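Here the structure is laid out as structure tokens; the discussion comes afterwards.
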Amino acid sequence: MKVKMASGIASKFASVAAFGALFGAFVALGADELKGYYLTHVGDSGRQSVVEFFERGGKYYAYGFANVDGSGPKKDSINPNPALRERVDKGSVFVYGLKEAGKGEFKGGEVYNYDNGKTYNLKITKEKDGKLILRASIDKAGIMGQTLTWTPLTQEQIEKYEGEKPPFSVVEESFETLPQEFK
């Protein structure tokens, strides 16, 4: 009787431990994902935007679709590529090519700054609270650059801005203009 009871307890303990390990793995997977909606820092133009990250082919990308102040889309008039100067920031992919590096880090991507027309190397670290710490730099090592924080949107905020999202075909069109090495 005691052997049977001990065996049953050990079996239940093993089941609980296995469930805990499996649940922990799922939580860890979610922590290493960028997909979702975020509120950016306030840029040089004084505007703060709502962006959505998406994943394609093992890489992460983001596009902006709303401005917190309610202002409309801005033309990319100072883009170094004259062919892109008529596009607007709404629906344009401006964070691209990030690859998961583990432990909540994403590297190897770039970010385009609409305020100055420049592109920077990008590394993102996802904090436990969901905030994104971006390191945008002119060098690949991240020594010469700026650190920014983006905050995940609450469900209430998502509902407020979701109606401003462009059709995903607009995002797809923007995606096609990215440098091939980031697709």
Worksheet item: For segment 80-88, does any single residue satisfy the condition of being in contact (Cβ under 8 Å) with a residue 24 or more places away in the chain and either open to solvent by less than 10 Å² (accessible area, probe 1.4 Å) or in contact with a Phe, Trp or Tyr (Cβ under 9 Å, 6 or more places away or on another chain) (or both)?
Response: no
Worksheet, complete the sentence: All conditions in (1) in contact with a strand residue (DSSP E or B) (Cβ under 8 Å, 6 or more places away or on another chain); (2) at pLDDT 85 or above are true of V42 except (1)
Practice prompt. Out of D115, D139, D89, D76, report the one residue that is over 19 Å from L34 (Cα atoms) and touching a helix residue (DSSP H, G or I) at 6+ places or on another chain (Cβ under 6 Å).
Written response: D76
Worksheet item: Of (1) within 17 Å of E105 (Cα to Cα); (2) modelled with pLDDT of 90 or more; (3) in a loop (DSSP other than H, G, I, E, B), E33 satisfies all except one. Which?
Response: (2)
Fill in: segment 124-134: number of residues that are free of Cβ contacts under 8 Å to residues at least 24 places away in the same chain and either touching a helix residue (DSSP H, G or I) at 6+ places or on another chain (Cβ under 7 Å) or farther than 19 Å from G64 by Cβ (or both)
3
Item to complete: Out of G109, G57, G117, report the one residue that is of a type outside the set (D, E, K, R), over 25 Å from Q157 (Cα atoms), open to solvent by 20 Å² or more (accessible area, probe 1.4 Å) and touching a residue at least 40 places away in the same chain (Cβ under 8 Å).
Response: G57
Item to complete: Please find, within segment 60-79, the residue that is surrounded by the most Cβ atoms within 10 Å (Cβ to Cβ) out of those that are farther than 13 Å from G117 by Cα and of a type in the set (A, V, I, L, M, F, W, C).
Response: A62
Discussion item. Would you confirm, using the coordinates I've provided, whether K131 is among the charged types (D, E, K, R) and more than 11 Å from the chain's Cα centre (by Cα)?
Written reply: no
Practice prompt. Report the residue count in segment 89-106 for those that are assigned to a loop (DSSP other than H, G, I, E, B), within 29 Å of S169 (Cβ to Cβ) and either out of contact with any Phe, Trp or Tyr (no Cβ under 9 Å at 6 or more places or on another chain) or open to solvent by less than 20 Å² (accessible area, probe 1.4 Å) (or both).
Written response: 2
Worksheet item: Counting residues that are among the β-branched types (V, I, T) and modelled with pLDDT of 95 or more, which strands (runs of 3 or more DSSP E) fully inside segment 112-161 reach at least 3?
Response: 118-126, 145-152
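The values are calculated or read from the model by the stated rules, or taken from the named source; none is laboratory data. The structure displayed is predicted, hence computed values, not measured ones. For neighbour counting, all protein chains shown are included, and Cβ atoms are generated from backbone atoms with ideal geometry for every residue, glycine included. Heavy atoms of the whole protein, side chains included, go into the accessibility calculation; ligands, DNA and RNA do not. Shrake-Rupley method; radii C 1.70, N 1.55, O 1.52, S 1.80 Å.
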